[in-house]
Each structure stands twice: as structure tokens, then as C-alpha cells.
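Working notes for the structure below.
Each reported figure results from applying straightforward, stated rules to the coordinates on display, with no laboratory input. Just so it is clear, the structure is predicted and the values come from calculations on it, not from any experiment. When we count neighbours, we look across all protein chains shown, and the Cβ atoms used for this are built from the backbone with ideal geometry, even at glycine.
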Amino acid sequence: MKTVQVRLLYPSNVKSADVSAVLKGISSLERFGVLIDDSPIDRNAIRPVRLGRYLRRIMEAEGPQTVDFKAFGVRLADIFAISNKDVLGFGLMVPELFLIDKDGKEQRPSIGAGRYNDVALLSLFGFAEIEEARMRLRAIEVAARHEAGHLFRKGHCTEPSCVMQEKPVRIESMIFKPEFCQTCKEQIEANVNLREYEINHLAGVG
Ligand SMILES: [Zn+2]
Ligand SMILES: [Zn+2]
């Protein structure tokens, strides 16, 4: 029986305190039965990861990166992969991250991104503006929880205290909404169970 798995990938030059904060955020998914592990980015670590090579390219770039998860080209490598790409990747990156909007046009800066059953990214760039070290790490942890949540929950939550609310303009205010609400917990749990069923019973899902 395969277990639903999320792997935190990080460049080797990222500080261990930052990696720990991200891991703490992602590890919230363990309560739903998700297996979490982490590794500096390398060939073996990315091999079973969905969009692993794409993640690697973004994470190893020096300058700002613009991401369009819908771009078809980036998916070919996975479609023709020999091995199953069942592990969902969570990429930690240092440079600034820009996202393409739903209409496919506008680029806007973002601290992170997460796509259902697919891939998540968090950029440390925006957290540099938080001067107090402990608050910065806490904000990184909560933001990581939010993006990891998107791996099993589509869209945002309207419950005011929920970590899955749309990200605020001032990212340090994220720390006041650190946890999943009951509705999100139930959705995530259901979607983790669904994914577990799919990776165990349906060939070619990935
Ligand atoms: Zn979000
Ligand atoms: Zn919620």
C-alpha cells in the first residue's frame, strides 16, 4: 500500500533554521496521514517527485522566477517518465517568485504557490522584510502550512481565523492565522484519502 507523500526540497545553501520552519509548517499534514520527508535538491531526491526537474530548475536559478503551473511543456517530462511520480514536491527557493494570473497574462509577486495534487513552492524572498528573527521564522512556518494545504485543498477559505484564507498584503500578519479550520481539515483529510486510493488503484494517475 502506497502512502501519500510530500517531499520538501531545498537548495543546500538555505539556512537550516529556515528549512526547519518550513518543515514544521508542512508537517501539519502528518495528522491527515501524509508522509513528509525533506532533502537538499539532487537527482535522487527529485526522481520520484512530480514535476521534480521543473522544481529543480526554478529552485536553482539565481534571479527572480516566473511560474506558470499550467504551462504544458513543463509536464511532458512527467508524462513520459518511466518511474511513477507519486511524491508531491514542496520546493523552497531563495529568489523572488512571480505568478502568472488565471488569464495567463499578468505577473505578480508572491511568497508562494500551491496547486492541488501537484506542486507547491515557497520563496524566502519576501520574508526578508521581517526584522525580528523569531517572527520571521514563524511567518515562514505559517506560509509553508498554507501552501502545503493547497496540495490537498483547492482555493481559499472564508473562515476568518483559517490559515487557508487568501494571503494578506503584509505577510507578517499571517502569524495570527496559523491553523487549518475545521472545514479545511475535513477537506484535506478527504482529499488525502482520495489521493491514497488513486495512487494505489488507478494506473497512470500522476
Ligand atoms: Zn493560497
Ligand atoms: Zn479553512
The answer for the net charge of residues other than residue 22 whose Cβ lies under 10 angstrom from its Cβ, with Lys and Arg +1 and Asp and Glu -1, is -2
Quickly work out the residue 70-to-residue 24 label distance, labels modelled 7 Å from Cα along the C-beta direction, and quote it in nm with one decimal. 3.7 nm
Of all DSSP beta bridges in segment 5-200, antiparallel share, percent nearest 5: 30 percent
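If Lys and Arg each add +1 and Asp and Glu each add -1, what is the summed charge of the other residues whose beta carbon sits under 13 Å from the beta carbon of residue 201?
Residues near residue 201 contribute -1 overall.
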Could you list 87, 14 so that the one with the fewest beta carbons within 10 Å of its beta carbon is first and the one with the most is last? 14, 87
Loop sites only, by DSSP: take the GluC sites (Glu not before Pro) in the chain that have at most 15 other C-beta atoms within 10 Å and name the longest stretch containing none of them. 1-61
Which value in deg cm²/dmol, rounded to the nearest 500, describes the helix-derived mean residue ellipticity at 222 nm for the chain, given -39,500 (n - 2.57) per DSSP H run of n ≥ 4 and division by the residue count? -9500 deg cm²/dmol
What is the list of residues in segment 1-39 whose amide nitrogen lies under 17 Å from a point 7 angstrom out from the Cα of residue 179, following Cα to Cβ? 24-33
If you add up the charges near residue 43, with Lys and Arg at +1 and Asp and Glu at -1, over every other residue whose beta carbon is less than 10 angstrom from its beta carbon, what do you get? +2
Counting only DSSP loop positions in segment 97-206, the trypsin sites (Lys or Arg not before Pro) whose Cβ has at most 13 other Cβ atoms within 10 Å are 102, 105, 154, 170
Under 4.7 Å Cβ to Cβ, no partner at all: give me those cysteines from the chain, in residue order. 184
For the chain, take N as its residue count and report Rg(C-alpha) divided by 2.2 N^0.38 Å. 0.96
Taking a cut-off of 17 Å between Cα atoms, list the lysines near residue 15, but don't count ones fewer than 8 places away on the same chain. 24
